[in-house]
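Presented below is the structure to which this report refers.
All of the numbers you see were taken from the coordinates with simple rules; none came from a lab. Please read these numbers as outputs of a predicted model, since none were measured by experiment. So basically every Cβ, Gly included, is an ideal-geometry build from the backbone, and we count neighbours across all protein chains shown.
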Amino acid sequence: MAEAIAIIFESAEGVRHEVAARLGASLMEAALMNNVPGIEAECGGSCICATCHVYCDQVADIVGAPSDEEDDMLDLAAADRRAASRLSCQIKVTSALAGAIIQLPARQY
Amino acid sequence: MERTIIVGGGHGGAQAAVSLRQEGYEGEIVLVSDEAHLPYHKPPLSKTFLKAGGAAQLLRPESFYTDNAVELKLETRVAEIDRRAGLVRCDDGAAIEFSSLILATGASARRPPIAGADLENVFVLRNMSDAERMRAEADDASEIVIIGGGFIGLELAHTLVGLGKQVKVVEMGQRLLARSVAPVISAYVLDRLFAADIDVRLGAEVRGLEQAGARAAAVTLAGGERLGADMVVLGTGAVPSTGLAEAAGLAVDNGIVVDHAMRTADPRIFALGDVASFTHWQWQKPARLECVQNANDQARHAAKAITGKETDYRDVSWFWSDQGSTKLQMAGLSMASDRTILSGSPENDDLAVYHFDRDRLVCVETVNRPGEHMLARRLLAAGITPSEADIADGKDALKALLGGPAQGRSA
């Protein structure tokens with residue numbers, strides 16, 4: 001078992017799910033493999049469906065800015081885009097994210 | 001007794017289980033799959049799964065099924081649907097009653113009537129065990145011939161050439177992906193194959209496979225040419241797996257015939273995904289779509305119908321294919337297209353083709369423009385047709401047509 005850190009996913013209604021996220025996986029995989037509701041990830045992480053949208057306000061500096069491609073996709077995500085919007089399939093789980101709170105939008109499609 | 005049986009563990013079958021619980025379904029759910037694996041993502045099989053190895057990417061972890069009381073019967077085939085008794089019989093002897101039945105049996109590889117098509121180094125790619133066998137064989141192969149220039153064959157060509165193999169593609173038609181994309185995209189895709197040192201023969205008829213013991217040694221063409229091969233891949237399309245439905249007396253016409261809510265003529269029985277034939281809202285004719293989007297969205301609609309919240313299936317179809325580093329995407333249906341507008345250029349590896357049926361936008365094909373693909377899906381869902389000037393102006397103009405913040409698709 002690879003090393004893991006704690007990540008907290010918070011739904012639009014404020015419900016929190018703390019998960020053990022494997023280092024090196026994507027944030028999307030961490031949510032999906034721990035049955036966090038509110039992440040669809042229809043394309044499996046190819047950055048083409050925008051159904052794994054998350055808000056990273058609390059760790060915006062750590063996760064950084066999206067690529068141009070991801071930036072385009074975020075404009076068209078189903079829920080409102082915010083300054084710290086990202087697609088979770090494009091964020092790698094690193095030890096710097098230990099304990100991070102990641103917020104989920106109200107809808108993914 | 002409330003129990004839904006789902007037959008088939010692909011994208012559609014798994015999504016049906018997910019959606020039933022999301023819709024609050026409280027009955028039992030049994031998912032029967034003839035595969036040994038938990039449901040997994042299929043698109044990577046022709047790409048990263050072959051290239052990087054490792055395990056398949058699961059759609060949901062095993063805990064999803066236990067936490068949500070979805071009983072999995074893996075490596076099990078349904079042998080018969082007994083509609084009178086309201087049950088299915090499995091090949092392990094089990095007879096399971098249902099109140100609702102979802103047929104998500106998918107499609108299987110079409111094997112063309114070519115002599116030698118069943119030799120041991122001739123492969124098709126529909127599921128993970130196909131991909132595992134192909135991966136093992138490809139290790140030792142140096143020359144590979146792919147018969148059929150469709151999406152899977154061409155994705156495989158790029159993947160295999162990336163593994164250091166010599167790859168040839170033999171296509172009967174005069175252009176690649178002829179039934180799926182505009183000629184300018186076919187030409188671009190061909191160009192990228194050539195750039196990757198993949199040999200492509202168009203208008204080429206296969207006469208047969210040259211046999212050496214139990215193996216194929218070459219593909220011979222009608223003109224007499226011999227293409228040496230350590231391994232042959234058949235990328236010649238798929239046929240819907242309708243056998244169970246047919247035997248149960250359900251209507252089948254290039255797929256199991258279903259209505260707007262994925263229901264067959266038997267109100268307890270639904271079909272969805274690759275195996276379902278339905279009247280497409282955009283085309284107004286029977287369609288059968290082989291793509292992840294269609295399987296997932298139809299599963300959501302079937303789950304709604306089973307939980308008493310019936311809706312019309314009117315989602316925008318979309319599809320993607322990664323051809324090497326080229327991102328090809330389609331939104332909508334091009335079957336009704338009678339006019340196209342081109343934006344961008346093949347020379348810049350960046351283009352889009354807008355298809356119209358008279359005055360109405362019906363489909364947009366994009367190359368390396370994922371943002372514009374998303375826009376196209378929104379425009380099609382909203383029934384908005386951009387002008388030639390809007391298309392020329394690009395993303396900002398198209399975004400302005402949608403007005404206000406992004407709207408969710410109708411679901």
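Worth pointing out:
- In region A:1-78, GluC sites (Glu not before Pro) in a DSSP loop with at most 12 other beta-carbon atoms within 10 Å: A:Glu3, A:Glu13
- Dipole of region B:147-231, positive direction: furthest Cα of B:Ala182, B:Val161, B:Ala196, with charges on the beta-carbon: B:Ala182
- DSSP beta bridges confined to region B:99-242 are antiparallel in about 45 percent of cases.
- Multiplying the residue separation of B:Ser325 and B:Trp281 by 0.36 nm and subtracting their alpha-carbon distance yields 12.5 nm.
- Inter-probe distance in nm under a simple model that places probes 7 Å from Cα toward Cβ, at B:Glu35 and B:Arg175: 3.3
- Taking a ≥ b ≥ c as the square roots of the eigenvalues of the Cα gyration tensor, chain A is classed as rounded, since a/c falls below 1.5.
- Cβ charges +1 (Lys, Arg) and -1 (Asp, Glu), total dipole of chain B, debye: 580
- Whole-Å semi-axes of chain B's equivalent ellipsoid (Cα gyration tensor): 34, 31, 18
- Cα-based reach from A:Lys92 at 27 Å (exclusive), listing lysines while leaving out same-chain residues under 8 positions away: B:Lys42, B:Lys47, B:Lys51, B:Lys327
- Relative contact order (%) - chain B, alpha-carbon pairs under 8 angstrom, separation at least six: 14
- For the pair B:Ala400 and B:Asp350, the difference between a 0.36 nm per residue extended length and the Cα-Cα distance amounts to 15.8 nm.
- Additional length obtainable on full extension of the chain from B:Arg89 to B:Val184, 0.36 nm per residue less Cα span: 29.2 nm
- Simple point charges give the picture: +1 on the Cβ of Lys and Arg, -1 on the Cβ of Asp and Glu, and for chain A a dipole about the Cα centre of about 300 debye.
- Size of electric dipole in the protein assembly as shown: Cβ of Lys, Arg +1 and of Asp, Glu -1, about Cα centre, debye, nearest 20: 680
- Considering only B:Phe319, B:Ala302, B:Ala376, and ranking their Cα positions along the charge dipole of region B:293-411 that arises from unit charges at the beta-carbon of Lys, Arg, Asp and Glu, the one farthest toward the positive end is B:Ala302.
- Region B:1-68 - Rg (one decimal) and Dmax (whole number), Cα, Å: 13.4, 47
- For the residues of A:41-53, the average number of beta carbons from a partner chain within 10 Å of their own beta carbon is 5.
- In percent, rounded to a whole number, the relative contact order of chain A is 39, using alpha-carbon pairs under 8 Å and six or more apart.
- Per principal axis, descending, Cα span of the protein assembly as shown in whole Å: 69, 61, 54
- With each label modelled as a point 7 angstrom along the Cα→C-beta vector, the A:Ala96-B:Asp338 pair spans 5.7 nm.
- Label separation (B:Arg360 vs A:Asp75): 2.7 nm, computed from points 7 Å beyond Cα along the C-beta direction.
- At R0 = 25 Å, FRET efficiency that the Cβ-Cβ distance of A:Ser67 and B:Leu74 yields, to 0.05: 0.05
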